[in-house]
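Peer 1: What follows is a single structure, and I will ask about it in a moment.
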Amino acid sequence: MKINHNITAVLANHRLKVTEGNLSNSVNKLSSGYKINSAKDNPAGFAIAHKMSTQIRGLERASDNALDGVSAIETAEGAINEIQSMVQRLRELAVQSANDTYTIGDREAIQIEAEKLQEEIERISQETEFNKKNLLDGSFDTRAYSDTDGVRASLVSDSVHAGTYQVEITKLAEKASVETTPSAAAFGVPEASAVEGTIEINGLSITVSTSESLEAVYEKMREQAEIVGIDVKRTGSTWMFEAGQYGSSEKVEITAIPSNIASALGLDNAVKTEGADAEVNLIKDDGSAQPSSLFSNTATYISKGEHVKVTDRSGFEMTIKVDNEKYQDIVNSNTASLVGKTTSIEVKDFGYMTIQIGANEDQTMDIRIPEMSLENMGIENLNYLTHESASKAITALDNALSFVSSVRSKLGAYQNRLDHTISSLGVADESLTSAYSRIMDVDMAEEMTTYTQYNVLQQAGVSVLAQANDLPQTVLQLLQ
């Protein structure tokens, strides 16, 4: 028997320390609710669980992002709904004004209401915001850049791929116009010798008399011609009757009766001119590895005034506007015509509203919202003052309603997709959280059993250690 080294007590003490360590670990798990409280508890499980935790938090944030996207779409769609209602009202007014039972005064009242509706449409398209971001002004549409001032892509469909598209402007749009040189001497003569007559401008009748001064006749014709969208300008002794808009659908038709009034105004009995649409040459893909232009061989176009609409298979659509006034300024400043110059339009693969709908890189969804301006809808110039112009407005508004409906339909599709995305993210979050829980969360019933075991072992260890510490006392009996 030994008294310097009580091996029995050392062994009992060692086992007690182990038991206390296990008991402390069990208490830590029970108090935290986690099986893994530090990397040493389960190094592999710790790494896997924290990777899962990163994904879970990312999925939860992505779900919130998708909800924000839904809110933005709902804001845009609500504003477009109001635009659609106003376009419907504009069409209703056009149908009303096309009826010849209304006087010019009635139609002027209709025109005033239509102009106010147009102003509100334009305001909504420029001022609708979500979180200080404009939604309907084209900020979230495809970006397209032209290398020629006055030529731009005003509308690009989803099927237009990023890259360079080239067009050669072969002809600018023209306005219908008629020039006259009235005889000042034929007007302002005594009433007794006055010859009255009628001049019709695009169907609008104006009564004139040689007893009126030339200035009075000019002012009368200028005011009345505005009703049918004709601008009357004077340069020196020359009068210019010019259509307000470009294109072959516009005309200036003047009929004067009797012939002496026609002669006094420098007109034939009947004069008619028509405008012209812009014309371009599409530079087609030449099949090279890096073609200079991406228009395919099947691409075609139709023109209406300054607007050139290029279409192709699979929904390809690009509307190019050749702004005559800007283009003409360039012609004048360069003292040379730019007709025949090749213009490059670079379509970029950005500009959309990008929603991060996943926890990882490039898990995104792009939302396109076209500019909802009057110009993009083709209703920036509506005239309700004559039967003919009101009839044209009906067709233009039908096209605008079709455009608005297609945009709303697309926004609805985006929203449905985001709704499914949110559901999918919820399922993924739930499944990943369940897997994370299996690794990290402690089974309280099982751990309580372990705790009870170590608690009993601790008490037993303390008792055994106490008895082991008493063993050296027996040595004293040998020394008596």
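The values are calculated or read from the model by the stated rules, or taken from the named source; none is laboratory data. The structure presented is a predicted model; accordingly, all values stated were derived computationally and were not measured. With ideal geometry, Cβ positions are generated from the backbone for all residues, glycine too; neighbour counts draw on all protein chains shown.
Results for (1) exposed (fewer than 15 other Cβ atoms within 10 Å of the Cβ); (2) part of a helix (DSSP H, G or I), shown as yes or no for each residue.
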residue	(1), (2)
ILE3	yes, no
HIS14	yes, yes
ASN22	no, yes
SER26	no, yes
ALA49	no, yes
MET52	no, yes
GLY58	no, yes
ASP64	yes, yes
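One line per residue, one yes/no per condition, for (1) in the same structural domain as GLU77 (by TED's automatic domain parsing); (2) farther than 29 Å from SER157 by Cα:
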| site | (1), (2) |
| --- | --- |
| ILE369 | yes, no |
| THR386 | yes, yes |
| ASP398 | yes, no |
| SER405 | yes, no |
| ALA413 | yes, no |
| VAL427 | yes, yes |
| THR449 | no, yes |
| ASN455 | no, yes |
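Peer 1: Considering LYS17, LYS40, which residue is within 30 Å of ALA468 (Cα to Cα) and without any contact (Cβ under 8 Å) to a residue 40 or more places away in the chain? Outline the logic, then answer.
Peer 2: Numbers: LYS40 fails: within 30 Å of ALA468 (Cα to Cα).
After ruling out the rest, the residue left standing is LYS17.
Residue by residue, here is whether (1) hydroxyl-bearing (Ser, Thr, Tyr); (2) within 19 Å of GLU20 (Cα to Cα); (3) touching a residue at least 60 places away in the same chain (Cβ under 8 Å) holds:
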position	(1), (2), (3)
TYR414	yes, no, yes
SER423	yes, no, no
ALA435	no, no, yes
MET440	no, no, yes
THR449	yes, yes, no
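Peer 1: Here is a follow-up. Give me the residue from region 343-378 that is in a loop (DSSP other than H, G, I, E, B) and touching a Ser or Thr at 6+ places or on another chain (Cβ under 6 Å) and, out of that set, nearest to GLY305 (Cα to Cα). If you could, list the steps in order and put the result at the bottom.
Peer 2: Step one: filter region 343-378 for residues in a loop (DSSP other than H, G, I, E, B), giving 348-352, 357-363, 368-373, 378.
Among the residues that remain, those that are also touching a Ser or Thr at 6+ places or on another chain (Cβ under 6 Å) are: 351, 357, 372-373.
Numbers: GLY351: 28, ILE357: 43, MET372: 20, SER373: 18 Å.
Among them, the one singled out is SER373.
Peer 1: Now for a different question. With the requirement that a residue be modelled with pLDDT of 90 or more, exposed (fewer than 15 other Cβ atoms within 10 Å of the Cβ) and under 30 Å from THR238 (Cα atoms), what does region 249-308 give you?
Peer 2: LYS272
Peer 1: Looking at ASN455, ASN399, ASN381, can you tell me which residue is within 30 Å of GLY247 (Cβ to Cβ), touching a residue at least 12 places away in the same chain (Cβ under 8 Å), assigned to a helix (DSSP H, G or I) and not charged (D, E, K, R)? Explain how you work it out, then say what you get.
Peer 2: Working: ASN455 fails: within 30 Å of GLY247 (Cβ to Cβ); ASN381 fails: assigned to a helix (DSSP H, G or I).
Exactly one of ASN455, ASN399, ASN381 is within 30 Å of GLY247 (Cβ to Cβ), touching a residue at least 12 places away in the same chain (Cβ under 8 Å), assigned to a helix (DSSP H, G or I) and not charged (D, E, K, R), namely ASN399.
Peer 1: Assuming TYR165 fulfils every condition listed in (1) surrounded by fewer than 18 Cβ atoms within 10 Å (Cβ to Cβ); (2) more than 15 Å from the chain's Cα centre (by Cα); (3) not hydrophobic (A, V, I, L, M, F, W, C) apart from one, which condition is it?
Peer 2: With (1) surrounded by fewer than 18 Cβ atoms within 10 Å (Cβ to Cβ); (2) more than 15 Å from the chain's Cα centre (by Cα); (3) not hydrophobic (A, V, I, L, M, F, W, C) applied to TYR165, the lone miss is (1).
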